[in-house]
Amino acid sequence: MTRLRIGQGIDVHRFADGRPLVLCGHHIEGEPGLEGYSDADVALHAVADAILGAVSGGDIGEHFPPGDAAWHGAESSVFVSGALATAAAAGFAVVNCDVTIVGERPRIAPFRSQLRSSLATILGIETAAVSVKATTTDGMGFLGRGEGLGALAVVLMEKE
């Protein structure tokens with residue numbers, strides 16, 4: 001069996017006034033939040049899917065169905081913890097994680113260290129093994145029009 005596996009995940013949510021913005025488990029003040037059944041943390045949703053994908057464990061919607069009352073308003077770290085448990089049951093652990101947040105706002109640079117630290121804590125790995133960066137779509141599409149945020153995540157998993 002292969003000792004190393006790579007998983008990738010993607011998620012998008014539209015902005016929604018009156019909700020807090022949560023990215024990588026960190027609350028960002030002064031920005032509109034994202035629409036969703038849980039806290040709509042687009043980064044953690046992508047990370048959970050990446051972990052599940054690496055171990056052929058399905059996807060976030062299969063494990064945490066939207067519309068299920070148990071997940072209404074849930075912190076997305078719960079989804080990552082569930083994905084980590086699925087990976088651990090298959091004998092895998094996260095080696096590193098790379099997240100790209102896609103959107104016109106907020107600026108990620110002022111929060112990068114907090115986002116990395118928060119995500120590392122959630123994943124149970126060193127901050128040095130976590131990358132969080134951002135890009136725009138140069139005004140193209142719904143993300144470029146500032147209607148929401150997207151996130152891409154890649155994880156490297158190793159058989160324990």
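Scanning the stretch 59-75 turns up no residue that is over 17 Å from the mean Cα position of the chain (by Cα), open to solvent by less than 20 Å² (accessible area, probe 1.4 Å) and of a type in the set (A, V, I, L, M, F, W, C).
Please verify whether residue 87 is in a helix (DSSP H, G or I), closer than 13 Å to residue 156 by Cα, free of Cβ contacts under 8 Å to residues at least 40 places away in the same chain and touching a helix residue (DSSP H, G or I) at 6+ places or on another chain (Cβ under 6 Å), treating the condition exactly as stated. Don't jump to the end; show me each part of the working.
Values: in a helix (DSSP H, G or I): yes; closer than 13 Å to residue 156 by Cα: yes; free of Cβ contacts under 8 Å to residues at least 40 places away in the same chain: no; touching a helix residue (DSSP H, G or I) at 6+ places or on another chain (Cβ under 6 Å): yes.
No; evaluated as a whole, the condition is false for this residue.
Within the stretch 37-57, the residues that satisfy the criterion of being open to solvent by 20 Å² or more (accessible area, probe 1.4 Å) and either at pLDDT below 95 or polar (S, T, N, Q) (or both) are 37, 56.
Which members of the stretch 90-113 meet the condition of being open to solvent by 60 Å² or more (accessible area, probe 1.4 Å) and either under 20 Å from residue 61 (Cβ atoms) or assigned to a loop (DSSP other than H, G, I, E, B) (or both)? Within the stretch 90-113, 104, 105, 107 qualify. Residues in the stretch 114-160 that are open to solvent by 40 Å² or more (accessible area, probe 1.4 Å), of a type in the set (Ser, Thr, Tyr) and over 21 Å from residue 86 (Cβ atoms): 117, 127, 131, 135, 136.
The values are calculated or read from the model by the stated rules, or taken from the named source; none is laboratory data. All values reported here derive from a predicted model rather than from experimental measurement. A quick note on method: Cβ atoms are made from the backbone with ideal geometry, for glycine too, and the neighbour counts reach across all protein chains shown. Note: areas computed on protein heavy atoms with side chains; ligands, DNA, RNA excluded. Shrake-Rupley method; radii C 1.70, N 1.55, O 1.52, S 1.80 Å.
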